[in-house]
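J.: Starting off with a structure, shown below.
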């Protein structure tokens, strides 16, 4: 009886193995993609900035020279009515002093898209995730502490209207939670008549201008003579973020 029972169990195992070996492997369809390149141009009223030597004037007649300008772009995606295609591990530091940082590329599902979504800053989770690498490396000089998190945007320079030592202008804008949250989720529309047409094996490029002139006004007035330095998460930093949330504008789309 025991021998018969063992024979029966072995037979079942054999049939299961035979059935499994005969099954054809199911191959999942490979998602077809093209490449999206996003390029940034930092400007003042449409004129490309020049660090160190360019002289600019804000809406209050205050003159300034820029020595540093950089900001984070995160969580990038493109969308249409029916679909969304997102970049994975999407964190970029746009730094005027580093030309290679002014553009980045990633694969996108083939389709036609009408809008671009992104976060101006670094999402709250990454602000409390400890030491990181790449664009989020603290060595990029865009990080305060584990409590204060990342500097979302940084503008530095000089102005005769500044009352601090060396006529310094320094805006380090951060804050990722509570009433001082400076993060800005943006949806950028494409120019009239333009469509982002992602095709297999092809590259499409979105050109974005970042206008520093927006930092000074609308909806909040920022005068260098009154606030030449803002360097901690604060109500004033949030007001500046409200202003510069309008600085990004898609100028052109080219499907190569």
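J.: Taking the Cα atoms of the chain, report the difference between the largest and smallest coordinate on each principal axis, in whole Å and largest first.
T.: The principal-axis extents, from largest down, are 101, 45, 29 Å.
J.: What is the helix-to-structure angle for 2-22, meaning the angle in degrees between its Cα long axis and the longest Cα principal axis of the chain, kept from 0 to 90 and rounded to the nearest 10?
T.: Computed tilt is about 50 degrees.
J.: In whole Å, how far is the Cα centre of the range 91-131 from that of the range 27-84?
T.: 9 Å
J.: Given a 10 angstrom Cα cut-off, can you work out which residue in 74, 85, 179 is the most mobile in a GNM of the chain?
T.: 179
J.: Can you order the peptides 117-124, 57-64 by their average number of other Cβ atoms within 10 Å per residue, highest first?
T.: On the way: 117-124: 20.9, 57-64: 15.9.
Most protected by this proxy first, the peptides run 117-124, 57-64.
J.: Additional query: What is the helix-to-structure angle for 235-244, meaning the angle in degrees between its Cα long axis and the longest Cα principal axis of the chain, kept from 0 to 90 and rounded to the nearest 10?
T.: Value to nearest ten degrees: 80.
J.: With each run of n ≥ 4 DSSP H residues scored as -39500 (n - 2.57), what mean residue ellipticity at 222 nm is computed for the chain after dividing by its residue count and rounding to the nearest 500 deg cm²/dmol?
T.: -4000 deg cm²/dmol
J.: Now for a different question. Can you tell me the relative contact order of the chain? Whole percent, Cα pairs under 8 Å, sequence separation 6 or more.
T.: Relative contact order of the chain: 23 percent.
J.: Shifting gears a bit: Between the range 142-185 and the range 229-256, what is the C-alpha centre distance in whole Å?
T.: When both Cα centres are located, 12 Å separates them.
Only the coordinates and a few stated rules stand behind these numbers; no lab work does. Since the structure is predicted, the reported quantities are computational estimates derived from the model, not experimental observations. Cβ: placed from backbone, ideal geometry, glycine included. Neighbour counts: every protein chain shown.
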